[in-house]
Amino acid sequence: MTIAMLGEGSEFVVERVCLCRETGRRLSDMGFTNGARGLIVRRGFFGGPIQVRLGDCDLMIRVSEAAGVDVIPVDGTVMQPRGPFGRFWRGGRGGHGLGQGGHGGRGGDHGRGAHGRGAHGRRRNDEA
Amino acid sequence: MKRDDYAPASSSPGPRAITAALAGNPNAGKTTIFNALTGAHHKVGNYPGVTVEKREGSRVRNGRSYGFIDLPGIYSLTAYSLDEVVTRDFLLDHQPDVIVNVMDSTNLSRHLYLCLQFQELGIPVVGVLNMSDEAEAKGIRIDARALEDVLGIPMVKTVGPKNDGVEGILDAVDRVVDSGGGAPGKSVRYGDEIEDRLAPLEAALASDAAFAARFPSRWMAVKLLEKDGHAFEKLAGHADGTRIAALAGESSSWIDGHFGKDSEIVVSEQRYGYIRGAVKEAVKVERKPDFSLTEAIDKVVMNRFLALPIFIGVLWSVFQITFALGEHPMAWLEGMFGWLGGAVSAVLPEGLLRSLLVDGVIGGVGGVFSFVPLIVILFFLLSVLEDVGYMSRAAFATDKILHTFGLHGQSVFPMMLGFGCSVPAIMAARTLKSPRDRIVTILVIPFMSCGAKLPVHVLFAAAFFPRNAANMVMLVYAIGVVLALGSAWLLKRTVLRGEATPFVMELPPYRAPTASGLAWHVWEKTKHYVQKAGTVILASSVLIWAITTFPAYEPSAAELQAARAGFLADRPGATEEEISSRLETVVAERALGHSAAGTIGKFIEPAFRPLGFDWKLGVATVTGFAAKEVVVSTLGVLYSVGTEESEESEGLREALRGDPNWTPLLAFAMMVFTLVIPPCFAALATIRAELGWKWLGFAFAFMTTLGWVLGAAIFQIGSLAGLA
């Protein structure tokens, strides 16, 4: 499951960024790291950028970038956007901020960041 | 330049002077803090060799001098963007006494991410928890002391716009510098697996003392694990560089395999993990406000269906307000320069000097200065939009469309500014952080038909398409937009091919702009415009004056007699005044034909023949490089209707219609040709200043070729279709 597959109002926990080089690095720098909690605030027109709330910060990412961030949906309101306009309606709980410091796995250990280990060495190229 | 170049001059034998670098993420309120710290004592320049703006300021307090350098706003210390490279090179090369890191308290985790990278550089850091009032209002309670203890970095709470806590920053800076640099030894711990890889790298790096003095070993070791290209380049200066590079390569490969993801992502995740731990200890979120004004506004402004229409509406309003408010001051300035020209004419005897001063200098420079009110208003409105936080919303609304053509959402404002004037538009492209996005945006801006091209379009549209004049002008504007998008698409697939730049943009909450911030933006941009355009326009006005004046033409008595007789044959009974006015026009026309500009026009005529152009259009094209609206007045002279022609004058329209060479098809070819060929000298000089000679040469060749091909295609295909 990636951010690109989530509908407006869906909450998620970041599992891993599967993009390399600049795009992957930028996403991690902005907080898309293992264990970070987020919310899809809104999706743009005709597959335009997605507004994502990470902690207290709102960010915009393109669908192609969102497709490179593996997440675990939290609230069970996962929706597949359909057609050119995506969804007209907003499901689940939209518009709420998420607390800082939310994390999954071992993310909060001081000095020991969370990390998904070993087996899934999957990586994608971020060529346009 | 070394550290001493930035250190403030200290005349008294008081405490030693301090050099502080002001750094932080974009939208952290850094400019407000910089202004509060330095007052009016600052100057603006560029970092050597790049167009990244550098601001320096100074302050004296209690007998101590402080020098501040404002570094570009960045999110991380990677080497991907120019701003990041400038920041890290500055910090490494000049080693300021302290880094004052301005952070947004409402979004602490992400701001601490950069703060910890500064700490690794080994330079003492003072953390500024700015916008602490906003954080309080959001129920975010930050225990600054606890944060200091966990991270080993002194923290100061501030509210930038109210100047709250600003003196506290200087107190903390004093303490850190006087104590010899904060709490040493504290820095991010990356977990055992990574620390085990960092330790041998650090030891190896420290073996060359000179290298280690320049590049802190801990920071360098982390960068090498992150596969940072610039760090590997710097290794060439280390005595044991080759071995260290091999060791670093092995270590990062081990991390890639062990964690199953890129080592640079692993390092950044560990850093965030460390931050989460710190934030957990020092920050309590008590309650969430039920209502968010930003969210309420965004529900409308960023609505899927409304975002784009609202953006177009905002833009339209900006241009409407600019022209409505700017009209009168512009007319006053034009009047003032007109008066000045008249006064100089009255004082000086007729001759070359008077012609140079009145037509060349005052006319040319006056043309630019009369645009200043428009520029001030335009920049003011755009700065309001920027400071309020609307620019990122505009990027959200337009990125999908622009990205399809290889542009970036942030290209939209520079491009739209291009409808006003290319000079500020090209300068505004600096907001684009990726060099390729910036280059492509700058190269297509001139296709957005600027205000000076409008009189040319209006002249031809009114003369040859009287029933559809407005539609024809709109058509030319639309052709410009299509060409801009098409050229961007083409350039991104040929000369500017490469990876797409990530569109990971922050969406800051809406904030009220501060008066000092707005005044600063407007002043800086206007000053830049006047300096850039003023100097180039002055030079080009004088040049165009020279090539249209020399070699001088003196009509013989016989020629004058023949012209007089010809006019009288056409208009028997004309008054002496009409005759002398006619003779003056004829002399002006012949003088221009005789001048260097006329010679150039005739020389390039064969190249223009496929477009259906004669030498007169060649001359108008050449003089148009001074400013595009000059095309109209040049044609006025060449068609013998007088030297004061404007696009509104019926005389020139009739003269054009009366010329058998002119057809609606030729007029349309000329409109498109004027739109596409290289812009005026001022815009070209701005392209050179921003991108260098190589890209200027490319832009000139690209636009000339495209303009010629399109003009020729319109004329030839139209002629074949029988439209001529």
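Per residue of peptide B:100-113, the mean number of Cβ atoms on other chains within 10 Å of the residue Cβ is 3.
Measuring heavy-atom accessible area with a 1.4 angstrom probe and counting protein chains only, the residues of the range B:362-402 that give up at least 50 Å² relative to the chain alone are B:PHE396, B:LYS400. Each part gets one Cα centre, and for the range B:147-166 versus the range B:293-348 those centres are 40 Å apart. With the full set of protein chains in place, find how many percent of the accessible area of the protein assembly as shown is carbon and sulfur; take the probe as 1.4 Å. In the protein assembly as shown, the share of accessible area belonging to carbon and sulfur is 62 percent. What the phi angles of the range B:344-360 give under the Karplus curve with 6.51, -1.76 and 1.60, with θ = phi - 60°, is a coupling list of 5, 4, 5, 7, 8, x, 4, x, 5, 4, 5, 4, 4, 5, 6, 7, x Hz, glycine and proline written as x. Measuring between alpha carbons in the structure, the pairs from B:LYS30/B:LYS138; B:LYS43/B:LYS433; B:LYS234/B:LYS280; B:LYS525/B:LYS616; B:LYS186/B:LYS525; B:LYS138/B:LYS400 lying more than 31 angstrom apart are B:LYS234/B:LYS280; B:LYS525/B:LYS616; B:LYS186/B:LYS525; B:LYS138/B:LYS400. For the range B:192-285, the calculated P(r), taken from all Cα-Cα distances in 5 Å bins from zero up to the bin holding the longest distance, is 2, 14, 24, 21, 15, 11, 7, 4, 2, 0, 0 percent.
Full extension of the chain between B:ARG609 and B:ALA245 gives 124.9 nm of extra length, using 0.36 nm per residue less the Cα-Cα distance. Looking at the range B:174-266, the trypsin sites (Lys or Arg not before Pro) that sit in a DSSP loop and have at most 15 other Cβ atoms within 10 Å of their own Cβ are B:LYS186. List the aspartates and glutamates whose Cα sits under 20 Å from the Cα of B:LYS299, skipping any in the same chain fewer than 8 residues away. Of all the aspartates and glutamates, those that pass the test against B:LYS299 - Cα under 20 Å, at least 8 places apart if same chain - are A:GLU8, A:GLU11, A:ASP56, A:ASP58, B:ASP290, B:GLU386, B:ASP387, B:ASP399, B:GLU506. Of chain B, which part is the longest with no chymotrypsin sites (Phe, Trp or Tyr not before Pro) in a loop (DSSP not H, G, I, E, B) and with at most 10 other C-beta atoms within 10 angstrom? Maximal segment without exposed cleavage sites: B:306-724. Of the GluC sites (Glu not before Pro) found in the range B:211-319, the ones in coil according to DSSP and having at most 10 other Cβ atoms within 10 Å of their Cβ are B:GLU286.
Taking all protein chains as shown and a probe of 1.4 angstrom, B:THR704 keeps an accessible surface of around 50 Å². Surface burial for B against A, with a 1.4 Å probe and both sides summed, reaches about 5800 Å² of accessible area. Seen from B:THR294, the other residues with C-beta closer than 12 Å to its C-beta sum to a net charge of 0, counting Lys and Arg as +1 and Asp and Glu as -1. Working note: 222 nm ellipticity from helices only, DSSP H runs with n ≥ 4, each -39,500 (n - 2.57), summed and divided by the residues of chain B, gives -20000 deg cm²/dmol to the nearest 500.
Placing +1 on the Cβ of every Lys and Arg and -1 on the Cβ of every Asp and Glu, with no other charges, gives the protein assembly as shown a dipole of roughly 1820 debye about its Cα centre.
Compared with the dominant principal axis of the Cα atoms in chain B, helix B:192-206 is inclined by about 70°. Only one residue of B:VAL44, A:CYS18, B:PRO455 has its Cα farthest out toward the positive end of the dipole of the protein assembly as shown, where Lys and Arg carry +1 and Asp and Glu -1 on Cβ, and that residue is A:CYS18. With θ taken as phi - 60° and the Karplus curve 6.51 cos²θ - 1.76 cosθ + 1.60 applied, the whole-hertz 3J(HN,Hα) list for the range B:62-67 is 6, x, 10, 9, 10, x Hz, x standing for glycine and proline. Note on the range B:592-698: with charges restricted to the Cβ of Lys and Arg (+1) and Asp and Glu (-1), its dipole about the Cα centre is near 520 debye. Using just the C-alpha positions of the range B:439-506 as equal point scatterers, what log10 of I(q)/I(0) does the Debye formula give at each q in 0.18 1/Å? These q points yield log10 I(q)/I(0) values of -0.74. Looking at the range B:3-178, the accessible area is 32 square angstrom per residue; that uses a 1.4 Å probe and ignores ligands, DNA and RNA.
Taking amide H as placed 1.01 Å from N in the peptide plane, B:LYS157 has its amide H under 5 Å from the amide H of B:LEU129, each at least 5 places away in sequence or on another chain. Where the only charges are on Cβ atoms (+1 Lys, Arg; -1 Asp, Glu), what is the dipole of the range B:307-492 about its Cα centre, to the nearest 20 debye? I would put it at about 600 debye. Our coupling estimate for the range A:18-30, obtained by passing each phi through the Karplus curve with A = 6.51, B = -1.76, C = 1.60 and θ = phi - 60°, is 9, 10, 10, 6, 4, 4, x, 5, 4, 4, 5, 4, 7 Hz, Gly and Pro reported as x. For the range B:205-232 versus the range B:267-283, the inter-centroid distance based on Cα atoms is 24 Å.
Is the shape of the range B:583-684 best called rounded, prolate or oblate, per the rule: a/c under 1.5 gives rounded, else a/b larger than b/c gives prolate, else oblate, with a ≥ b ≥ c the square roots of the Cα gyration tensor eigenvalues? The shape class here is rounded.
The Kirkwood hydrodynamic radius of the range B:489-620, based on inverse pair distances between different Cα atoms, is 21.0 Å. For the protein assembly as shown, the Kirkwood hydrodynamic radius from C-alpha pairs, put into Stokes-Einstein at 37 °C and a viscosity of 0.692 mPa s, yields a diffusion coefficient of 109 µm² per second. In the range A:49-67, the residues that give up 50 Å² or more of accessible area when the other protein chains are added, compared with the chain on its own (1.4 Å probe), are A:PRO49, A:ASP56, A:CYS57, A:MET60, A:ARG62.
Round to the nearest 10 and give me the degree value, 0 to 90, for the angle of helix B:576-594's Cα axis relative to the longest principal axis of chain B. The angle comes out at about 60 degrees.
Placing unit charges on each Cβ (+1 for Lys and Arg, -1 for Asp and Glu) gives the range B:192-285 a dipole about its Cα centre, and among B:PHE259, B:ALA203, B:ALA282 the Cα reaching farthest toward its positive end belongs to B:ALA282.
The mean number of Cβ atoms from other chains found within 10 Å of a Cβ in peptide B:75-87 is 2, as a whole number. 7 Å from Cα along Cα→Cβ at both B:HIS230 and B:ALA552: what's the point-to-point distance in nm? If labels sit at B:HIS230 and B:ALA552, their model points lie 5.9 nm apart. Using all C-alpha to C-alpha distances in chain B, build P(r) with 10 Å bins and read off the rounded percent in each one. Going out from 0 Å in 10 Å bins, chain B shows 3, 12, 20, 21, 17, 12, 9, 5, 2, 1, 0 percent. Between the helical axis of B:515-549 and the longest alpha-carbon principal axis of chain B there is an angle of about 40 degrees. Placing unit charges on the Cβ atoms of the charged side chains and taking the dipole of the range B:98-204 about its Cα centre, the candidate lying farthest along the positive direction among B:THR106, B:GLY127, B:GLY168 is B:THR106.
The values are calculated or read from the model by the stated rules, or taken from the named source; none is laboratory data. Predicted model, so just to flag it, every value in this text is computed and none were measured. Glycine also receives a Cβ, built like all others from the backbone with ideal geometry; neighbour counts cover every protein chain displayed. These accessible areas exclude ligands, DNA and RNA; they are computed on the full protein's heavy atoms, side chains included. Shrake-Rupley method; radii C 1.70, N 1.55, O 1.52, S 1.80 Å.
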